[in-house]
1. Answer yes if at least one residue in region 62-74 is in contact with a helix residue (DSSP H, G or I) (Cβ under 8 Å, 6 or more places away or on another chain) and either farther than 16 Å from Leu11 by Cα or not polar (S, T, N, Q) (or both), and no otherwise.
2. Among residues belonging to region 1-25 that are among the basic types (Lys, Arg) and within 18 Å of the chain's Cα centre (by Cα), point out the one that is surrounded by the most Cβ atoms within 10 Å (Cβ to Cβ).
3. For Glu18, state whether it is at pLDDT 90 or above, farther than 18 Å from Glu105 by Cβ and not assigned by TED's automatic domain parsing to the domain that holds Cys96.
4. Got a number for residues in region 42-56 being buried (at least 16 other Cβ atoms within 10 Å of the Cβ) and either more than 17 Å from Tyr93 (Cα to Cα) or in the same structural domain as Asn106 (by TED's automatic domain parsing) (or both)?
5. For region 77-110, enumerate the residues that are in contact with a helix residue (DSSP H, G or I) (Cβ under 9 Å, 6 or more places away or on another chain) and assigned to a strand (DSSP E or B).
6. Looking at this structure, is Tyr119 closer than 18 Å to Arg13 by Cα and part of a helix (DSSP H, G or I)?
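The values are calculated or read from the model by the stated rules, or taken from the named source; none is laboratory data. Keep in mind it's a predicted model, so treat the numbers as computed, not measured. As a convention, Cβ positions derive from the backbone with ideal geometry for all residues, glycine included, and neighbour counts pool all protein chains shown.
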Amino acid sequence: MNTYKTEGVVLKRINFGEADRILTIYTKHHGKVVLLAKGIRKMSSRKRGNLEIFNQVIFFAVKGKGMDVITEVETKNSFSSWRKDLKKVIAAYEICEMVDRLSPENSEQEEVYGSLVSYLGKLKEVPRNNLQIWVDSFGKFLLQALGYWPKERPYPSGFNVSFQIEQIIEKELKSKKFLKRV
């Protein structure tokens, strides 16, 4: 099959060349995928506004030799209710970074996808002073769902989610610094 249609959440984007962008999208049916969006940085691009970070999108892609290419896209949910609150944007960025760093490519995890969409949807209701608790809650779920922590084993008191994830990925999470500063 050369083309496919699925839905996903844009986790990350990187400018590529003059007008293209490489996107990391966590999808419902394929897990984490890395795709090329050709010409998306041109002012005339119809895909431009749909492929913003955190957007839940439905897209068509064509399998390529090196990287799949997005051909069509529409926004399913932009989560606009919390995008004007910098602290909430930083919290969303942190959970997206956790998903990106811990998930292998092309490994379907519908449970992770469903929780990611649910957490992003409920972010508008989270009080600003509880954002770190909310982020840690998602991190604990993610560790168990992806098999990094046994589901039957409770977390010890004072468990540091960010530290545990950083031990697994052997790098520091960039986003955790921002939430503490703001």
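1. Of all residues in region 62-74, those in contact with a helix residue (DSSP H, G or I) (Cβ under 8 Å, 6 or more places away or on another chain) come to none.
No.
2. Within region 1-25, the subset among the basic types (Lys, Arg) is 5, 12-13, 21.
With within 18 Å of the chain's Cα centre (by Cα) added as a condition, the list becomes 12-13, 21.
Numbers: Lys12: 18, Arg13: 16, Arg21: 21.
Applying the filter and picking the extreme gives Arg21.
3. Numbers: at pLDDT 90 or above: yes; farther than 18 Å from Glu105 by Cβ: yes; not assigned by TED's automatic domain parsing to the domain that holds Cys96: yes.
Here the answer is yes, as Glu18 does meet what is asked.
4. Final tally of qualifying residues: 4.
5. Asn77
6. Details: closer than 18 Å to Arg13 by Cα: no; part of a helix (DSSP H, G or I): yes.
Answer is no for this residue.
A quick yes/no check of all residues on (1) surrounded by fewer than 13 Cβ atoms within 10 Å (Cβ to Cβ); (2) under 13 Å from the mean Cα position of the chain (by Cα); (3) in a helix (DSSP H, G or I):
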site	(1), (2), (3)
Tyr113	no, yes, yes
Phe141	no, no, yes
Pro156	yes, no, no
Phe159	no, no, no
